[in-house]
Structure formats: C-alpha cells, structure tokens
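Heads up: the structure comes next, in structure tokens.
Where a number appears in this text, it was derived from the coordinates with a stated rule and is not lab data. No experiment lies behind these values; they were computed from the predicted model shown. Here the Cβ positions follow ideal geometry from the backbone for every residue, glycine too, while neighbour counts run over all protein chains shown.
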Amino acid sequence: MAKSRRQDREKRPDIFKQWQAGDWKDEHTLKDRRRLTPKRHVKKDLEVSLEAFDVVGWGRVLEVHRRSTVVAIENAEVEEYARCRLAPFLDLSDYSAVTVGDWVQVSKLKQGGEEFITDIRPRVSKLSRPGPDDREHREQILAVNIDQIVVVSSVLQPAFNAGLIDRYLVAAEYSNIPLVLVLNKMDLADELPEELEDFKAIADKVLPVSVVSGEGLEDLREVLKDRFSVFTGSSGVGKSSLVNKLIPGLDIRIGDVREKDGKGRHTTTSSTLLELPWGGAVIDTPGIRGMGLWDLKPSDLATVFPAFEPWFGHCKFSNCSHLHEPECAIIDAIEEGELSVARFHSYERIMMTLEARK
Ligand code: GDP
Ligand code: ZN
C-alpha cells in the first residue's frame, strides 16, 4: 500500500519542467482575482489600478522578509533580482502569504519605479507543517512548488538520527511530497546503520554518499537534476560540503541578493534557492530544520506515519492509538515481525512529544 501512494506521486507533473517549458496550467488572469484589499503600509493612491504598473516579468520567490520579498525574475533576455512589496489590489485569499517558491509577477510602478508583486500563480505543491494550537491549527507553509524534500543525514559524526528522519517523513507525508534520504559520510562507516533498512521501504529513495570518497555523488546529481528540491538536515551532517562539492564556485547569486539588503543575512527567517548548473534548484529553508517544533494532533499522527501505512485502517477500533488496544493491526504486525520495533518506538516518542504539547 505504501508503494501505491509513492507511485501516485511519480505520476504527478514535473514542476521544474513545466516551469522551464513555460507551460504553466493557469487560466486565471489578474482581473479575476483582483479585489481591493487596501493595506495600511501602501499609499492610498496605489490602490487605484493595474494601469499604474509596467510588468517586468515572472519569477520565483527566493526569500521572504517582513517588509519585502526577493524574487528572481526569469525571462529569455534578462535574469535579475527584485525586492518587492505586495501590490495592494492582490487578492491573497487563496494564499496564506507569499512563500518561498511562489511564482509571481513583478511590476514596476510607473511613477517612482518601485517593484511590486502583482500576480501569483496557483501552487502545485506545498510543504507545510501543522501550526500551533493558539493559531487555530493554521498550517505553516515552509515552501511551495517543490518536487521533493532531500533530507541529508550522516552515518557517523553526528550519529545517524533515525527519529529525526521519522519526523521529516511525517512532514513529507502530511504534505504529500516525495522524500529522498541522503546518508552522508559513508567513508567513516563500514556498514549501513541497521535502521536504514526500514527507511528503504518507506522513503521514496535512499542514497548513501560521501563527500570525501565521492561515493554516490553522481546519483545525487541525478536525483537533483531538473527538480526543485528542499535540501535539509541537522547541522554538521555535511549539507554545505555537499552543495560546495556539487556546485564549485557557487554563492555568487545569493550573495548579490543579500548585499542589496545591506543588513546582512536574515538567517532565522529567510530561505534561499540555489540553481544547479546542470538543471534544477535546491532550496534551503530554515523553517524545516527545527522539525521538532511542529504541532500535529496526536490522534492524527498514525495517519501520516509512513511506516504504518500498510496496516493503517485495519485495527478493530477506528480511533485506535496503536499503543495498547486489543486487535490492533500495527501491534500485530510487530508481533509477526512485519513491522520494525524501532519504527514503533519512534512513533511512541513522537506521540509523547505531541501529547506533552497539548
Ligand atoms: P552542514 O552543517 O550540514 O552544512 O555540515 P558541513 O558541510 O559544515 O560539514 C560538517 C563537517 O563534516 C565538516 O567538518 C566537513 O568537513 C565534514 N564532512 C562533510 N562531509 C563529509 C564526508 O562525506 N565525510 C567526512 N568524513 N566528513 C565530512
Ligand atoms: Zn491500532
């Protein structure tokens, strides 16, 4: 059953390729969506109309700051960055907010030349996590229009953290986005961690690599090619080393954007997008690094816990917590050796943290 859902995802349109081909399935026009929603920080006379703007082009949102959004504008002739505000007439009811990965239209104000986001394309995918209770369970969207999440972990130094992978898998499942598990520093280990076997059955792909020996790097390149990937993992596992190895001489583009800002890096709030010279892009979003902070209803955990998927829905009680109930399909599966005890313990641990948050 777990497999069928994965196969389903494989049939989804390839977001990167659609973007490259300019083949975005979007019939909306700005006028459809136009609705005057004045914002306090925008001057009254800007509320007027589209005619006040010259369209510069479409682009992808790289960073979102409190007062402005950085967009990489793409078209055949120019490639430039814009630091934009939201046009006052934009109807954002379908969009919680502009997010990293959004495709947006950038226009310049005829008078003054300031840049504004004047339209947004419908999103194809979104990576989110359930928001805190006090915000009415509103989800927090971390990135949109992405093809996959690439979680980097290391076999040693720091030790393989299976519990964290489970959390990422839950987030991926919750968002219905494929997850690739990269296991770095293979040069330090003689064998694969035992629990990796579990993930081979659950993750969409598992890739052992080493920056030092070069093992698996070609495969990783291939996995990243022509896709938008969120690239994440705990600190020290070798994300920067991997990116530097894969893209020699990088950093220039993003460095430029930051320089214009004049305030240095906003490491806590902003995400970044790096384009890969061979096609595709990796997005680093700080929001997902603290995967321990998300908040899901404890009773919903089992529905998005990928290791349980083959047995889910087969318990005697429909509200089974899979912790102690009789005739629980999950507990039976463990007793019959079909489901790994390690994954079950991980479920218990995540459940405990969710309960503690209530
Ligand atoms: P990040 O925090 O995930 O960006 O991790 P870094 O790229 O800064 O790497 C952390 C440390 O791990 C550095 O000292 C790297 O030299 C080291 N490192 C990265 N990749 C490998 C690898 O494949 N093998 C070994 N032995 N060390 C690595
Ligand atoms: Zn059960």
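Determine, from the Cβ-Cβ distance of SER321 and SER241 and an R0 of 51 Å, the FRET efficiency 1/(1 + (r/R0)^6), rounded to the nearest 0.05. For SER321 and SER241, the calculated efficiency is 0.80.
Measuring against 23 Å, Cα to Cα, the residue pairs LYS239/LYS297; LYS126/LYS185; LYS200/LYS225; LYS200/LYS245; LYS185/LYS205 contain LYS239/LYS297; LYS126/LYS185; LYS200/LYS245 as the ones spanning a longer distance.
Just rank ARG83, ARG66, ARG60, fewest to most, by other beta-carbon atoms within 10 angstrom.
Taking fewest neighbouring Cβ atoms as first place, the list is ARG66, ARG83, ARG60.
Sorted ascending by nearby beta carbons within 10 Å, beginning with the fewest, PHE317, PHE228 become PHE317, PHE228. A Förster radius of 41 Å combined with the Cβ-Cβ distance from GLU222 to LYS297 puts the calculated FRET efficiency at roughly 0.60. Return, ordered by residue number, the residues of region 154-182 whose backbone nitrogen is under 13 Å from a label point located 7 Å along Cα→Cβ of THR353. Answer for this model: 161-171. Segment HIS65..SER234, full-extension length gain: 58.5 nm, with 0.36 nm per residue of separation and the alpha-carbon distance subtracted.
If you average the C-alpha positions of region 186-248 and of region 304-338 separately, how far apart do those two centres end up, in angstrom? A separation of 31 Å, based on Cα centres.
The phi-based Karplus calculation (6.51 cos²θ - 1.76 cosθ + 1.60; θ = phi - 60°) puts the 3J(HN,Hα) values of region 143-157 at 6, 10, 6, 10, 8, 6, 10, 10, 9, 9, 9, 10, 6, 8, 6 Hz, whole numbers, x for Gly and Pro.
Each residue of region 121-126 was assigned a 3J(HN,Hα) from its phi angle through the Karplus expression (A = 6.51, B = -1.76, C = 1.60, θ = phi - 60°), giving 7, x, 7, 9, 8, 9 Hz with x at Gly and Pro. Computed 3J(HN,Hα) for region 211-219, one whole-Hz value per residue from the Karplus formula 6.51 cos²θ - 1.76 cosθ + 1.60 where θ = phi - 60°, is 5, 5, 8, x, 4, x, 5, 5, 5, glycine and proline marked x. Amide H to amide H, with H built 1.01 Å from N, LEU86 comes under 5 Å of ILE117, counting only residues 5 or more places away or on other chains.
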